[in-house]
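Everything below concerns the one structure shown next.
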Amino acid sequence: MAVKTVGGKGSNTKDGNGSGTYSAKDIQVLEGLEAVRRRPGMYIGTTDLRGLHHLIREVLDNSIDEAMNGTCDRIDVIIHKNNEITVADNGRGIPTDKQAQTGKSALEVVHTILHAGGKFGGAGYKVSGGLHGVGVSVVNALSTELHVEVHREGKVFEQTYERGKPKGPVKVIVRGHYEPPMLSWKERKNPTGTITTFAPDPQMFPIIEWDANIVSNWLRETAYLNKALWLSLKDERDDRDESYYFDGGVISFVRHLNKSHQNLHPRPIYVEKTFENDTVVEVALQYNDTFVEKVYTFANNINTIDGGAHLTGFRTALTRTLNAHARKIGALKEADPNLTAEDVREGLTAVISVKIKEPQFEGQTKTRLGNAEVQGQVATAMNDILGQYLEENPQDARRIVEKCLTAFRAREAARKARDLVLRKGALDGFSLPGKLADCQERDPEKAELILVEGNSAGGSAKSGRDRHFQAILPLRGKILNVEKARADRMLGNEEIKAIITALGTGIGDYFDASKLRYGKTIILADADVDGSHIRTLLLTLLYRHFKALIEQHRIYIGQPPLYRLQLGKEVRWVHSDSERDKAVKELKAQARTKREDRKTAAKAGKKATAAETAEDEASAKNSDEGSDDGKGGREPAIARYKGLAEMNAEQLWDTTLNPATRTLRLVTLDDAEAADVVFDELMGNEVEGRKKWIMANAKKAELDL
Ligand code: 0RA
């Protein structure tokens, strides 16, 4: 790590541990962090790219806590060229004073003892849900080196660790290596802050490749949820440099979500209220003219995708207030039934953010807010403001109420249409679609359904598959965009009906996961713009109507290879440019070794076998098996595969269908929001936005989706 020691002279604090005495406490500490290195998954979930990025999140969350506490207004994240990460904030700085129990600097304690983060925290708003909040000591344990620099009390403290162990005591240095980030230089004479730089340990993470987009999304979301907090990302690998700052907070968030829609009222309706127990409730909502509901809830900046008390409070208040208003203006007559929570959802975009002293996260993934008192608090905050808004903006109110009434009527009509379709038996298991080439296996857990783009690729897939357990459903052209269509029209679409029938679960109120006919569903489309459009359409269908299957990790995206490489008899299929470059090197090295072995053998007087001679001759001539690289070696032949249809049945089996050799990507709900925005921009009404998205992402989509 590139940290020069600037100060250092006479700067050792007394609380260092460099004295050579080694107590039972130290042993415990090392064992604690050793446990993290032995079973990293227990602390960060996985050690793939997701777990890797979790390291940044962990460090970032500590700075965000400081911002929620009101003592930090800027956080900078830097991805360095050498893959080190720096997170710098202008908070109060991690305390450095000596801790009573351990006799060590608090700074060292939080970095070397598991879960020590809360010990000096007091009563702030702490982020702690799901995998978050395991503490910076976990990041430390999983880094070859971590350097932390604290600016406070007019001094600069620093400490460096190696795989979790301090390399020396906490030192006071004369000048820092970094300056804490600041919004205004003039405002502070004594800048304070914490700057952490870490290098993930390649022994722990097989691939260290940062995706700046993931970090950028977190920072944008955090900026929306903490108004007037400045967040920046600098990626030194490609000079990407961006900042997020939203004066409007969740209002800006809702505007962003609704930016490609026609909205029923010009400004989001906004509520902010602080309660006696310091709970802060913030809600922004705006109706648009689509049928889709987008409600995102957060507790202490954590996306509570399973909702909870805050969501319940919001729904209750929204339904109650809209009913009261609809009756008051006579849109609902005395004899009419009340609008239900269902009726007020269509076209609703809302962000609900609560900040709580002691959040309780529930459920298996800790993504549902449990604090019961919050339900009433959110409802209280909503009731007054929403009622008042509807009073003061009668035209907006009328449009919203009309929209809800239309939703009510439309749903009644759709329900009738659906019942009709279902009664006719169009969707029951006895009439499987004609295009489906079913498999022999009847145990769903052993069977898979492969949705293939295009009839010709579908044909190759049918001959190339293992019919024992693989069913193929070819899809012709583009399927219907379900976001824009109502249930009755959707069920009239042949492609969609075929998918629903093949899956066997039914849909909507009739959905029954236990009727699922295939344990895995694999989407197989070309790696081009059309393919990515079809994938997105299918994902939209699955996301909106078969969410449970995504949640059960049953949906995958097949990854057909992009290139075929051949050198001599050796063939490799690869999925990306970087894999291609790596494979070229490997093939050449392999061929070189082979040649050298031959030479050695020839020198030793051994005769080449007939097969070897044949291979040499063939490869010298045949350009499909490589060409001269001009330096006495051979260059592999590279063919780019543009689509599934370019592969024959056998190649399709080898590269894309065979479970032993294929690459599948699991579809998760993890980035449900990101996906939703993509669906939206791609599928929503605004054609311009869709064009732009496809243009901007065509290249990325080729590789990612
Ligand atoms: C608790 C108390 C104090 C500072 C912090 C936490 C703190 C922690 C982190 C982690 C990253 N950046 C941070 N910034 C601040 C200070 C209490 C005091 O000044 O008395």
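The values are calculated or read from the model by the stated rules, or taken from the named source; none is laboratory data. For clarity, every value in this text was computed on a predicted model and none was experimentally measured. With ideal geometry, Cβ positions are generated from the backbone for all residues, glycine too; neighbour counts draw on all protein chains shown. Surface accessibility is based on the protein's heavy atoms, side chains included, excluding ligands, DNA and RNA. Shrake-Rupley method; radii C 1.70, N 1.55, O 1.52, S 1.80 Å.
Between the range 497-552 and the range 302-362, what is the separation of their alpha carbon centroids in Å?
Taking the Cα centre of each part, the range 497-552 and the range 302-362 sit 29 Å apart.
Suppose R0 equals 56 Å; then what is the FRET efficiency for SER576 and GLU334 from their Cβ-Cβ distance, rounded to the nearest 0.05?
With R0 = 56 Å, the Cβ-Cβ based efficiency is 0.30.
Order the following by accessible area, largest value first: HIS533, HIS553. Probe radius 1.4 Å; ligands, DNA and RNA are ignored.
In descending accessible area the options line up as HIS553, HIS533.
Just grab the label-to-label distance for ARG50 and ASP289, each label 7 Å out from Cα along the Cβ direction, in nm (one decimal).
3.9
So which of LYS569/LYS642; LYS81/LYS167; LYS357/LYS547 end up more than 27 Å apart, counting from Cα to Cα?
Going by Cα-Cα distance, LYS357/LYS547 fall outside the 27 Å limit.
Would you mind classifying the range 229-332 by shape? Square roots of the alpha carbon gyration tensor eigenvalues, ordered a ≥ b ≥ c; an a/c under 1.5 is rounded, otherwise it is prolate if a/b is larger than b/c and oblate if not.
Values: a/c = 2.46, a/b = 1.62, b/c = 1.52.
Since a/c reaches 1.5 and a/b is larger than b/c, the shape of the range 229-332 is classed as prolate.
What full-extension length gain, to one decimal in nm, is calculated for ASP238 and ASP211 as 0.36 nm per residue of separation minus the Cα-Cα distance?
That works out to 8.5 nm of additional length.
By how many nm would the segment from LYS569 to THR144 grow when fully extended, if each residue of separation counts as 0.36 nm and the alpha-carbon distance is taken off?
Values: separation 425, 0.36 × 425 = 153.00 nm, distance 4.15 nm.
148.9 nm is the gain from fully extending LYS569 to THR144.
Tell me, what is the 1.4 Å probe accessible area of ARG37, in Å² to the nearest 10?
So the heavy atoms of ARG37 present about 30 Å² to solvent.
Let me make sure I get this right: for the range 135-289, a, b and c are the square roots of the gyration tensor eigenvalues over alpha carbons, sorted descending. Under 1.5 in a/c it's rounded, otherwise prolate if a/b > b/c, else oblate. Which is it?
prolate
Under a plain spin-label model, where a point goes 7 Å from the Cα along Cα-to-Cβ, how far apart in nm are LYS606 and LYS547?
6.5
With a point put 7 Å past each Cα toward its Cβ, work out how far GLU392 is from VAL280 in nm, to one decimal.
Going from the GLU392 label point to the VAL280 one covers 2.2 nm.
Cα-Cα over 22 Å: which of LYS165/LYS189; LYS333/LYS403; LYS189/LYS234?
Among LYS165/LYS189; LYS333/LYS403; LYS189/LYS234, the Cα-Cα distance tops 22 Å for LYS165/LYS189; LYS189/LYS234.
Using protein chains only and a probe of 1.4 angstrom, how many square angstrom of ILE500 are accessible, to the nearest 10?
0
Would you work out what percent of the accessible area of the range 483-603, with all protein chains in place, is carbon or sulfur (probe 1.4 Å)?
Carbon and sulfur atoms account for 48 percent of the accessible area of the range 483-603.
Just to make sure I understand: if all protein chains stay in place, what is the order of VAL281, VAL529 by accessible area at 1.4 Å, largest first?
VAL529, VAL281
With all protein chains present, calculate the accessible area of ARG50 using a 1.4 Å probe and round the result to the nearest 10 Å².
140
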